[in-house]
Amino acid sequence: MQVYIIVMFLLVVGGTILDTIHKKSAKYFFENAKKAEKNAKRTVSGGQKMGLAISTVASEVLTSSEFANPQRRLSHLMTMYGFIIFVVASVVLIFMFPTAAEAGIWPVLWHVGAGLLALGGYWFFFFIRVDVSSEGKTWYKLAQADIFIVGLLSTSTFGLLWSGTQGSTLGWVFFALFLLSSTVLFSTVLWSKFAHMFFKPAAAYQKKITKADGSQENLPDLGDLTDPALQSRYPDIPEYMGTNPSYMGLGIKREKPRHF
């Protein structure tokens, strides 16, 4: 099992590298960052960059604040933290307590992680998925993008079933399915959404940097619409909205997000 864990780790690393090469996401990210530096209107200090990095970790990574839909956010957090606890507990049990009958709290954490992963994952799979909740498709019509979530659900489900049936013939069947599911999960990074977990925080941090330095991803760095300097730069503002633009309302935020 220790060898298996190492192999799965190498598959994730290799799959992530191949994914960035195949999709050219890393190349796009660095080229976009260089372009933003050329268009920067302000200098961002090292302290500000550190603050933005901490903000990214606290907001986008630890609390998933980018999800406006509270149900989607809670489901994501349950799945994410369940997966982390489940994987960490598995590694600790296999490497630190491979034959020990008493492993302290780690078996409990293993079950808690698997349970959270299954609960959050099934909630997302049956009720929140865009193609199911918004497009009216049936839950069992799967696409390549579903490899990741199906792998997570099957791994946590068969893991819990194996835990509850250990010592029996059925337990060995669930154990085999558990290993098969986890192997598919960690070996299909190139074709699933697994790698986006690593790219997403970097993209969120870069977006904060472009706002701080004024490059704005090549979009206009708009300020106060009543500013005469801004209106002279964009004469269509007073033309269509008047010299003293009023509050335009909530716009797209008028309706609470229910789907995405």
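The values are calculated or read from the model by the stated rules, or taken from the named source; none is laboratory data. Only a predicted model underlies this, so the values are computations on that prediction, with no experimental measurement involved. Backbone-built Cβ (ideal geometry, glycine too); neighbour counts: all protein chains shown. Quick note on the areas: whole protein, heavy atoms, side chains included, nothing else; ligands and nucleic acids left out. Shrake-Rupley method; radii C 1.70, N 1.55, O 1.52, S 1.80 Å.
Expressed as a whole percent, the accessible surface of the chain that belongs to carbon and sulfur atoms is 68, based on a 1.4 Å probe. Considering only 60, 102, 37, the mean-square fluctuation computed in a Gaussian network model of the chain, springs between alpha carbons under 10 angstrom, is largest for 102. The radius of gyration of the Cα set in the chain, together with its Dmax, comes out at 23.5, 78 angstrom. In the elastic network of the chain, a GNM with C-alpha springs shorter than 10 Å, the most mobile of 237, 105, 209 is 237. The label-point distance for residue 88 and residue 127, in a model that sets each label 7 Å from Cα toward Cβ, rounds to 2.7 nm. Solvent-accessible surface (1.4 Å probe) assigned to residue 213 amounts to roughly 10 Å². Long hydrophobic helices in the chain, taken as whole DSSP H segments with a C-alpha length of 30 Å or more on their own axis and mean Kyte-Doolittle hydropathy at least 1.6, are absent.
Short-range pairs are left out: with C-alpha atoms under 8 Å and at least six residues apart, the relative contact order of the range 31-121 is 30 percent. Volume of the convex hull of the range 157-199 (Cα atoms only), normalised per residue: 64 Å³. A 1.4 Å probe run over the protein chains yields, for the range 1-105, 65 Å² of accessible area per residue, whole-number rounding.
Per the Cα gyration tensor, the range 18-116 maps to an equivalent ellipsoid with semi-axes of 37, 18, 15 Å, ordered largest to smallest.
For the range 45-195, the spread of Cα coordinates along the three principal axes comes to 56, 44, 28 Å, biggest extent given first.
Heavy atoms of the protein chains alone define the surface here; on that basis the range 122-174 has 58 Å² accessible area per residue at 1.4 Å probe size.
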